[in-house]
1. Restricting attention to region 262-302, and to residues there that are among the hydrophobic types (A, V, I, L, M, F, W, C) and touching an Asp or Glu at 6+ places or on another chain (Cβ under 8 Å), which single residue is nearest to Leu71 (Cα to Cα)?
2. Hey, Ala165 hits all of (1) of a type in the set (Gly, Ala, Ser); (2) modelled with pLDDT of 95 or more; (3) closer than 26 Å to Ala53 by Cβ; (4) touching a helix residue (DSSP H, G or I) at 6+ places or on another chain (Cβ under 7 Å) but one; which does it fall short on?
3. How many residues does region 171-218 hold that are in a helix (DSSP H, G or I) and either surrounded by 19 or more Cβ atoms within 10 Å (Cβ to Cβ) or not charged (D, E, K, R) (or both)?
4. Considering each residue of region 80-135, count those that are polar (S, T, N, Q) and over 21 Å from Gln205 (Cα atoms), and give that number.
5. How many residues does region 113-164 hold that are under 16 Å from the mean Cα position of the chain (by Cα), part of a strand (DSSP E or B) and under 21 Å from Leu214 (Cβ atoms)?
6. Please indicate, with yes or no, whether at least one residue in region 266-287 is modelled with pLDDT of 95 or more and closer than 24 Å to Gly141 by Cβ.
Amino acid sequence: MSATETLAARLEPMGELRRSEVLARHTTFGIGGPADLFLTVRSAESLARATNAAHDAGVPVFVLGSGSNILVADAGIRGLVLDNRARAEAHDDLVIRVESGASFAAFARKMCRAGLDGLTWAVGIPGTIGGAVVYNAGAYGGCLADVLRRVRLQLPGDGDQWVDAADLGMVYRGSAFTRGQVGGKAVLEAELTLSAGDARTLLAQAAAFDEKRLTAQPRGRNAGSTFKNPPESPAWKLIEAVGMRGMQRGEAAISEKHCNFFVNEGNATAADVAWLIAEAQRRVNEQFGVTLEREVEFVGAW
């Protein structure tokens with residue numbers, strides 16, 4: 001029996017297990033080939049057990065949140081993909097503990113309704129709490145690092161550990177996770193410290209952010225901002241300046257509405273999106289000497 005099949009036998013009691021699950025069904029891009037194994041987990045404890053099982057079997061594991069901010073290869077992902085739906089919360093006055101599979105946008109809006117300030121900027125950000133930790137999600141001058149207190153990490157085969165936010169090296173759209181310094185450790189929970197606010201005021205601010213986002217950003221299937229904004233200029237201005245607004249490759253395109261959003265207009269392939277991304281990087285570097293750094297992560301068997 002292969003390592004994957006041995007692992008599958010261990011995972012069966014832990015949640016809903018599927019084989020060769022097409023990941024296009026689970027990404028905001030609507031793009032991505034099959035996962036060898038795909039397990040839905042609904043608690044931090046189940047996430048930890050499944051992560052440990054994969055480690056013991058020597059099978060690679062990828063934790064999938066809402067499927068935003070990633071481009072999954074057409075060949076899919078080898079090993080185990082964990083569909084993280086762990087969403088429990090615990091409140092202690094202004095300190096909130098939330099499991100990593102919770103929707104970041106929904107959680108932020110809930111905090112506004114509860115009169116807890118610190119996350120109004122996040123009401124439109126796709127993704128999960130876990131993903132927000134990994135990428136230090138941010139918008140409109142705010143970021144998760146502003147309110148993050150600590151995170152609980154699963155250490156494969158070695159229990160779990162609370163790590164202070166100050167030790168995660170959080171920077172603009174990045175952290176120790178994105179730099180490969182926290183390999184193999186899954187985010188189980190995050191603990192945030194918010195401040196007291198007025199629910200009406202916070203919801204009004206959230207509505208203003210909603211309107212701003214809807215006005216500026218395209219709807220439909222995309223992974224969010226494709227590139228980080230370099231110090232020299234917003235990424236969209238550089239991409240527009242090199243003549244790529246609206247450019248297509250197959251059924252992938254650079255949005256006419258916002259040049260830092262790459263969209264799936266039908267049955268786009270990951271390869272076509274990747275070509276557009278590389279072409280934008282090449283042209284911007286040649287014309288302006290600026291290196292565009294991807295915010296969207298390439299995942300799977302490229």
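The values are calculated or read from the model by the stated rules, or taken from the named source; none is laboratory data. Note that the structure is predicted; figures quoted are calculated from it, not measured. When we count neighbours, we look across all protein chains shown, and the Cβ atoms used for this are built from the backbone with ideal geometry, even at glycine.
1. Checking each candidate, the answer is Ala270.
2. Going through (1) of a type in the set (Gly, Ala, Ser); (2) modelled with pLDDT of 95 or more; (3) closer than 26 Å to Ala53 by Cβ; (4) touching a helix residue (DSSP H, G or I) at 6+ places or on another chain (Cβ under 7 Å) one by one, Ala165 breaks only (3).
3. So the count comes out to 13.
4. 3
5. 2
6. no
This table checks each residue for (1) within 23 Å of Asp160 (Cβ to Cβ); (2) surrounded by fewer than 23 Cβ atoms within 10 Å (Cβ to Cβ).
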{"residue": "Ala50", "(1), (2)": "yes, no"}
{"residue": "Asp56", "(1), (2)": "yes, yes"}
{"residue": "Gly65", "(1), (2)": "yes, no"}
{"residue": "Ile70", "(1), (2)": "no, no"}
{"residue": "Asp74", "(1), (2)": "no, yes"}
{"residue": "Leu82", "(1), (2)": "yes, no"}
{"residue": "Ala86", "(1), (2)": "yes, no"}
{"residue": "Leu94", "(1), (2)": "no, yes"}
{"residue": "Glu99", "(1), (2)": "yes, no"}
